[in-house]
1. Restrict the search to segment 185-292; then list the trypsin sites (Lys or Arg not before Pro) that DSSP places in a loop and that have at most 14 other Cβ atoms within 10 Å of their Cβ.
2. Report for segment 192-305 the percent antiparallel among DSSP-assigned beta bridges with both residues inside it, nearest 5.
3. Can you bin every Cα-Cα distance in segment 207-294 into 10 Å intervals starting at zero and give me the percent of pairs per bin, rounded to whole numbers?
4. Past 23 Å, Cα to Cα: identify those pairs from K116/K144; K116/K157; K4/K116; K145/K282; K113/K275, in the order given.
5. So which lysines pass the test for K169, namely a Cα distance under 16 Å, with those fewer than 8 places away in the same chain ruled out?
6. Per residue of segment 246-263, what does 6.51 cos²θ - 1.76 cosθ + 1.60 with θ = phi - 60° give for ³J(HN,Hα)? Whole Hz please, x for Gly and Pro, Karplus curve as stated.
7. Using modelled amide H (1.01 Å from N, peptide plane; none on Pro or chain starts), what sits under 5 Å from the amide H of D264, excluding residues fewer than 5 places away?
8. Name the residue farthest towards the positive end of the dipole of segment 207-294 from the options I258, L276, G236, assuming +1 on Cβ of Lys and Arg, -1 on Cβ of Asp and Glu, about the Cα centre.
Amino acid sequence: MTNKAFFHVIYDGPALENNEMDVRDLAPALIALADLFDEANKVLNNGRVEISTQIKASFRTGCFGIDMTVLQGAMASILNLFKEENVIAAATLMTIIGVSAKSTGGGLLGFIKWLKNRKINEVVMIDKDHVKVIVDQDSFETEKKVIELYRNARIRKALEAAISKPLLKDGVDSFACSGEIPMVGDDFFSISKEESTVFVTLEPEDEPLEEIEYEAHLQALSIAFQEDNKWRFTDGSNKFYAEMADIGFLEKIQRNDIAFRKDDLIKAKIQMRQKLTASGLKPGYKIIQVIEHRSASRQLELPFK
């Protein structure tokens with residue numbers, strides 16, 4: 001069984017007066033809208049239903065409009081979309097995102113537009129389905145599901161590609177959406193070029209995961225004696241940069257007590273800190289102590305007595 005819902009998107013501005021839009025701008029925006037609905041459907045319906053987004057171009061004087069259809073169907077034949085209590089239907093999904101006529105500036109789009117990239121001070125539960133978001137002396141009441149979508153990095157990236165990036169182009173001044181094709185005088189949710197900057201994705205702060213210390217033999221691939229510069233090492237299988245934090249070892253080099261060159265070997269105590277970043281897992285290395293230093297040059301062993 002399939003459930004359908006419709007909405008309309010308009011890009012407007014002087015560059016679109018002839019109802020034309022560069023395909024290099026349009027294609028990524030349309031793919032982003034499809035990704036937006038797909039990810040929102042996964043978040044809110046936990047993979048129990050599948051979704052697809054279809055388009056049909058429509059035109060009004062001085063803009064570029066697109067009719068969009070969201071098709072939602074069961075992943076398995078035993079699931080009836082209209083009998084499953086917890087399944088969020090396509091029309092409701094559009095309202096939560098904020099592109100339907102019922103949204104009226106609410107939903108995810110309205111929340112991001114209101115937030116303006118300000119730091120959230122507190123999120124207060126009103127009841128099991130609704131929250132109040134507090135920013136300084138201002139507040140915004142919305143569904144809990146809106147906040148679930150807002151916290152999703154893929155959804156925020158899709159909104160940036162569908163709204164912010166097209167409006168960066170000269171002559172494209174606004175993005176608008178409505179549950180139906182808007183006629184003159186109809187209300188529809190709009191975002192201006194200036195407002196579109198708040199849809200640029202803010203990268204989440206790095207999350208520390210694990211810190212371990214271990215000893216290993218390393219070979220120096222490149223060395224740096226300027227402050228805060230990192231040395232590059234290999235342990236024979238992996239290459240990585242590490243902060244040289246053994247001050248005593250550095251002072252010996254500076255006093256010429258020891259000669260240290262590229263490709264020299266050290267046995268060192270190493271600290272590895274793993275963190276989760278916006279681009280995935282990343283390790284960071286620090287040489288805490290140089291236990292042993294060996295020159296890279298090797299001599300032929302002879303059986304001297």
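1. Those that pass, being in a loop and sparsely packed, are R255, R261, K262.
2. 90 percent
3. Percent of pairs per bin, in order: 17, 51, 25, 7, 0.
4. Over 23 Å Cα-Cα: K4/K116; K145/K282; K113/K275.
5. Candidates past the 8-residue exclusion: K193.
6. Those phi angles translate into 7, 5, x, 5, 5, 5, 5, 5, 5, 7, 6, 5, 9, 9, 10, 10, 3, 6 Hz.
7. Excluding prolines and chain starts, which carry no amide H, the hits are A220, A296.
8. G236
None of the figures in this text is laboratory data; all of them are computed from the coordinates on show. Source: prediction; values computed, not measured. Because the Cβ atoms are built from the backbone with ideal geometry, glycine has one as well, and the counts that use them run over all protein chains shown.
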